[in-house]
Amino acid sequence: MPPSPRVSVVLPVRDAVGTVSESIDSILSQSESDLELIIVDDGSGDETGDILQSNAAKDKRVRILSSDGSGIVAALNLGIEASQGDCVARMDADDYSMPTRFEEQMQALAADDTIRCLGTYAYVFRNDP
């Protein structure tokens with residue numbers, strides 16, 4: 001059995017054809033590459049599924065799970081249950097992670113063993129209605 005990745009990234013999606021590619025790319029191009037990306041398609045009715053399948057075919061770190069449209073909480077729980085990493089990170093289909101996000105977060109966790117949960121700073125860069 002291969003060793004567990006350092007980071008499991010759980011990404012719930014539904015009908016995110018306009019943003020999910022950029023979101024996935026930002027995860028797969030992280031400086032911390034020892035990760036798995038668990039994408040939970042929560043009942044998409046658009047071409048999101050095709051984008052997900054294309055990414056999974058190109059990168060073995062991508063796993064796709066399907067959910068019946070029960071909502072984001074159920075999708076997140078499904079992804080967390082499937083995660084195999086030492087840490088779990090959360091991502092949304094319209095988010096973009098800076099290239100060193102996980103490297104910096106893992107360094108912070110290693111530097112202080114009392115930290116159990118941490119977040120990041122957010123920049124708003126879209127003007128979606």
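The values are calculated or read from the model by the stated rules, or taken from the named source; none is laboratory data. As the structure is a prediction and not an experimental result, all values here were calculated from the model. Every residue, glycine among them, receives a Cβ derived from its backbone with ideal geometry; neighbour counts consider all protein chains shown. Ligands, DNA and RNA are excluded from the accessible area calculation, which covers all protein heavy atoms including side chains. Shrake-Rupley method; radii C 1.70, N 1.55, O 1.52, S 1.80 Å.
Exposed loop sites here mean trypsin sites (Lys or Arg not before Pro) with a DSSP loop assignment and at most 12 other beta-carbon atoms within 10 Å; the chain contains its longest site-free run at 1-59.
Over every Cα atom in the stretch 11-85, the radius of gyration and the widest Cα-Cα span, Dmax, amount to 11.6, 33 Å. Among Glu32, Glu103, Glu81, the largest mean-square fluctuation in a Gaussian network model of the chain, built with springs joining Cα atoms closer than 10 Å, belongs to Glu81. Three semi-axes describe the equivalent ellipsoid of the chain; taken as square roots of 5 times the Cα gyration tensor eigenvalues and ordered largest first, they are 23, 17, 14 Å. Placing dummy labels 7 Å off each Cα toward the beta-carbon, the span from Ser29 to Glu103 is 1.4 nm. Here the peptides 68-78, 104-114, 16-26 are ranked by packing, the mean other Cβ count within 10 Å, and the order with the highest first is 16-26, 68-78, 104-114.
Ratio to report: Rg/Rh of the stretch 54-129, with Cα atoms as the point set and Rh obtained by the Kirkwood method; give two decimals. Ratio value, two decimals: 0.98. Counting only protein heavy atoms and using a 1.4 Å probe, the accessible area of Ile80 comes to about 80 Å².
Here the relative contact order of the stretch 37-107, from alpha carbon pairs under 8 Å that lie six or more residues apart, stands at 35 percent.
A 1.4 Å probe, protein heavy atoms only, puts the accessible area of Asp41 near 20 Å². Taking Ser29, Ser67, Ser83 as the candidate residues, the one with maximal mean-square fluctuation in a Gaussian network model of the chain, Cα springs under 10 Å, is Ser29.
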